[in-house]
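The values are calculated or read from the model by the stated rules, or taken from the named source; none is laboratory data. Because the structure is a prediction, the values reported are computed rather than measured. Note: ideal-geometry Cβ built from the backbone for every residue, glycine included; neighbour counts use all protein chains shown.
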C-alpha cells in the first residue's frame, strides 16, 4: 500500500526532524520556512530540552551543595547521599585516570556524566507522547497543523548536541596540551612523533608524515566522541520509533528494548565521561 | 545529520554548565565529603584508641586487684601473727600476775601464820605461865623462875 508506506515514512520523518527556528528576511521563521537557511538554524527543541535538563541537574546538585555546606558534619539525607555518591564516583574515576592537578576535570566529568545521562534518559519517554502533546498544543493554541509541529525530545539524538560536547572537550584538549607543554612542545609533539630520526634532513622529510598522523589522531578523538553518542542514541531512538508503529505488539517489544536501553543510556554517558578524562589526561601528559 | 547554529548554542550552554558546576556545585560537595570522611576516620581512630585504653585499664585493674589481694593476705597474716603474739603476751602477763598474786598471798599467809604462831606462842606462854602459876601458885616465885619459863616459851 503506497499510501500507508508514505504515511509510515512521513511519520518516521516527522519524529526525526527537529523543531527549527531561523530568520528569513529579517523576521523569525520556523520549521519548513527554514529549509533554505543552511547553517543559520537553531534546533529549539534540542536547545530547550538540553538546557532545561542541564538546569535541572545543576539545580538539584546545587540544593545538595548548599545543604552540604550549611553543616558539613550533619547526617546527610537520602538525596544528598545519592548526590555525594555520584560526586564520589566521578571523583574516584577522575583520580584513577587523570594524574595532573586540575580543578576543572572533575566538575567537567560530573557535568558530562549527569547531563548526558539526563539527555539520554529522555529516550525512555514513549516516543509518541511528547510530540503528540506538542502537536496538540501547536494546533489548539497557535493554529498550526500538528503535522507541522516538530518535537524531538532527546537532545543527544541531535548531532549538534553531541558535537558541541565533543568540541568543548576538543578545545580543552588543545588548551591543556598548550598549557602543559607550551606551544613549541605541542608543535613538537605533532611533528616529531611517531617517526623520529637523528639526521636533520631525514627528520625534516618525516615531519609531514608525522603531522598528518598526529593531526589525524587528534581530530578523530572529538569525532569519535560525538559520533559514538549520537549514533547509539539515534539508533536507539530509531528502534523505539519503529517499535512504536507496529501496533499492539509494540508493548512487550517496547518494554524489552527500554530495559536494554537503560543500560545503553548509562553506559554511553559513562563512556563519554571516561573518554573525556582519558583524552584530557593524554593531552596533559608530557610523556613524549 | 546537519550541523547548524545549534552547535554554538549547545557549546555555550555546556561551557556555562561546566563553569557553574566547577564554581558552585563541586567545591561545597567535595568539602563536605572530605569533612565527613575526616570525621569518620577520626571516629574510627578514637574507637581504636578507646579499645586500647580499655584493654590497658582492664590489665591495670587486674594487676591492682592481684596486688590488693596479696596485700590483704599479708595484712591478715600479720594480724594473725600479732593476735597470736598478743595472746601469748596476755597469757604470759596473766601467768606472771598469777604468780605475783600467789606469791603475795603466800607471803601474806606466811606472815599471818607467823603472826598467829607468835600470838599463839605468846598465848601459850602466858597460858603455860598461867597454868604453872596456878599449879605452883604458892611454891614458885614468878620472878625467880621466869628464866625457866622463858626457855619453855622459846622452845614452843
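Before we move on, is residue A:92 closer than 20 Å to residue A:145 by Cβ and more than 10 Å from chain B (Cβ to nearest Cβ)? Considered against the rule, which asks whether it is closer than 20 Å to residue A:145 by Cβ and more than 10 Å from chain B (Cβ to nearest Cβ), residue A:92 comes out as no.
Out of the residues in region A:1-31 meeting the condition of being outside any helix (DSSP H, G or I) and touching a helix residue (DSSP H, G or I) at 6+ places or on another chain (Cβ under 6 Å), tell me which one is nearest to residue A:246 (Cα to Cα). Among those residues, the one meeting the criterion is A:18. In this structure, residue A:161 qualifies as outside any loop (DSSP other than H, G, I, E, B), in contact with a helix residue (DSSP H, G or I) (Cβ under 7 Å, 6 or more places away or on another chain) and either within 24 Å of residue A:105 (Cα to Cα) or within 14 Å of chain B (Cβ to nearest Cβ) (or both).
Residues in region A:56-86 that are facing another protein chain (nearest Cβ under 8 Å) and outside any loop (DSSP other than H, G, I, E, B): A:57, A:58, A:61, A:62, A:64, A:65, A:66, A:68, A:69, A:83, A:84. Given the structure, is residue B:43 within 14 Å of chain A (Cβ to nearest Cβ), within 49 Å of the chain's Cα centre (by Cα) and part of a helix (DSSP H, G or I)? In short, yes.
So is residue A:84 touching a helix residue (DSSP H, G or I) at 6+ places or on another chain (Cβ under 7 Å), surrounded by fewer than 23 Cβ atoms within 10 Å (Cβ to Cβ) and either without any contact (Cβ under 8 Å) to a residue 40 or more places away in the chain or within 29 Å of residue A:171 (Cβ to Cβ) (or both) or not? Judged against the criteria, residue A:84 is a match. Would you confirm whether or not region A:50-72 contains a residue that is under 28 Å from the mean Cα position of the chain (by Cα), modelled with pLDDT of 85 or more and within 22 Å of residue B:2 (Cα to Cα)? Yes; the residues of region A:50-72 include at least one that is under 28 Å from the mean Cα position of the chain (by Cα), modelled with pLDDT of 85 or more and within 22 Å of residue B:2 (Cα to Cα). All conditions but one from (1) surrounded by fewer than 21 Cβ atoms within 10 Å (Cβ to Cβ); (2) in contact with a strand residue (DSSP E or B) (Cβ under 9 Å, 6 or more places away or on another chain) apply to residue A:161; the one that does not is (1). Here residue A:122 does not qualify as more than 14 Å from every other protein chain (Cβ to nearest Cβ), over 23 Å from residue A:11 (Cβ atoms) and part of a helix (DSSP H, G or I).
Within region A:90-109, the residues that satisfy the criterion of being closer than 16 Å to residue B:28 by Cα, part of a helix (DSSP H, G or I) and free of Cβ contacts under 8 Å to residues at least 60 places away in the same chain are A:91, A:106, A:107. If only residues of region A:32-46 that are touching a helix residue (DSSP H, G or I) at 6+ places or on another chain (Cβ under 6 Å) and in contact (Cβ under 8 Å) with a residue 24 or more places away in the chain are counted, the one that is farthest from the other protein chains (Cβ to nearest Cβ) is A:46. Of all residues in region A:12-22, those that are surrounded by fewer than 18 Cβ atoms within 10 Å (Cβ to Cβ) and in contact with a strand residue (DSSP E or B) (Cβ under 7 Å, 6 or more places away or on another chain) total 0.
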